[in-house]
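These notes are about the structure you will find just below.
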Amino acid sequence: VLVNEKMESTLGGVYAVGSVTGCSPDPALAEEQARVAVKNALGKDKVMNQDHVPKIIRTDPEIACVGSTAANAHYKGFRAVEGVCNYNTLDHSLVSRETAGLFKVIADKTSKKVIGVQIVGKGAGEMISLAVLALKKGLGVSDLATISCAWPSRMQGLKKAARKCLDLLTEKRMVS
């Protein structure tokens, strides 16, 4: 079924979501499409934004991402800055013996907002939810860099990556 960005089919007032629209059978994507379709069916004016839908690959270690990558950000009009934190630098990795993985936080150089996050490692599929919220709410990278989180925990990796990204943003401003 062909749909527009409001999830409305070519038959006005009829909405479609999920795999019938030709997209991959992804529950997170179908859920976001349904949210948009329902709001529009009730008279709102909502548009589907796939950058707000997490993609999770259930491998070992897990891979999860949302939003833009540093490599594709310019196609969306962003100037990307990327902060990276490896799992093996976390105190949590010493305690849990989890060393495989990394965190990437991508921010726009101009707005300083989070535009993407990639996580590779155990629990990535659960941790990506915080990044989804950051993108949906238009949070700045400083918001992720200063978030309070349990210690030691994997979430420290997201915080450290955001801090590295923020450091790069601050460094660039001082040089310019």
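Based only on Cα atoms, what Rg/Rh ratio does segment 76-176 have, Rh being taken as Kirkwood's radius? Spell out each step's value before the answer.
Details: Rg = 13.2 Å, Rh = 13.5 Å.
My calculation puts Rg/Rh at 0.98.
Report, by chain and number, residues whose modeled amide H sits under 5 Å from the one on V53, excluding near sequence neighbours (fewer than 5 apart, same chain).
Correct list: G67.
How many percent of the alpha carbon pairs in the chain exceed a separation of 19 Å?
Of all Cα-Cα distances in the chain, 60 percent exceed 19 Å.
Residue by residue through segment 139-155, which ³J(HN,Hα) values in whole Hz follow from phi under the Karplus form 6.51 cos²θ - 1.76 cosθ + 1.60 (θ = phi - 60°), with glycine and proline marked x?
With the stated coefficients, segment 139-155 comes to 6, x, 4, 5, 5, 6, 5, 10, 5, 7, 9, 4, 9, x, 8, 5, 4 Hz.
Ranking request for peptides 106-115, 134-143: highest mean number of other beta-carbon atoms within 10 Å first, then the rest in descending order.
Ranked by mean Cβ neighbours within 10 Å, highest first: 106-115, 134-143.
With charges only on Cβ, +1 for K and R and -1 for D and E, what is the dipole size of the chain about its Cα centre, in debye, rounded to 20?
Charge dipole of the chain: 500 debye, to the nearest 20.
Report the one residue of I106, G22, T170 whose Cα lies farthest in the direction of the positive end of the charge dipole of the chain (charges on C-beta: Lys and Arg +1, Asp and Glu -1; origin at the Cα centre).
Result: T170, furthest along the dipole toward the positive end.
Give me the percent of the accessible area of the chain that comes from carbon and sulfur atoms, probe 1.4 Å, all protein chains in place.
That share works out to 55 percent.
What ³J(HN,Hα) values, in whole Hz, does the Karplus curve 6.51 cos²θ - 1.76 cosθ + 1.60 give for segment 36-43 when θ = phi - 60°, with x put for Gly and Pro?
Running phi through 6.51 cos²θ - 1.76 cosθ + 1.60 with θ = phi - 60° gives 5, 4, 5, 4, 5, 5, 8, x Hz.
Net charge within 9 Å of P61 by Cβ-Cβ distance, Lys/Arg positive one each and Asp/Glu negative one each, not counting P61 itself?
Computed value for this residue: -2.
Amide H of G123 versus every other amide H placed in the peptide plane: which residues, excluding those fewer than 5 positions away on the same chain, fall under 5 Å?
Counting only residues 5 or more places away or on other chains, the set is E62.
Return the sequence-ordered ³J(HN,Hα) values of segment 49-57 in whole Hz as given by the Karplus equation 6.51 cos²θ - 1.76 cosθ + 1.60 applied to θ = phi - 60°, using x for Gly and Pro.
10, 5, 5, 9, 10, x, 10, 10, 10
I'd like to check one number: the per residue accessible area of the chain, probe 1.4 Å, reported in Å² as a whole number.
Ligands and nucleic acids excluded, the figure is 56 Å² per residue.
Using helices alone, I'd like the mean residue ellipticity at 222 nm for the chain: each DSSP H run of four-plus residues gives -39500 (n - 2.57), total over residue count, nearest 500.
Details: 5 runs with 60 residues, N = 176.
Rounded to the nearest 500, it is -10500 deg cm²/dmol.
Under 11 Å from the Cβ of K122, count the other residues' Cβ atoms, weight Lys and Arg +1, Asp and Glu -1, and hand me the total.
Net charge around K122: -2.
The values are calculated or read from the model by the stated rules, or taken from the named source; none is laboratory data. Just so we're clear, the structure is a prediction, and the values are computed from it rather than from any experiment. Here Cβ is always computed from backbone atoms with ideal geometry, including for glycine, and neighbour counts include all displayed protein chains. Heavy atoms of the whole protein, side chains included, go into the accessibility calculation; ligands, DNA and RNA do not. Shrake-Rupley method; radii C 1.70, N 1.55, O 1.52, S 1.80 Å.
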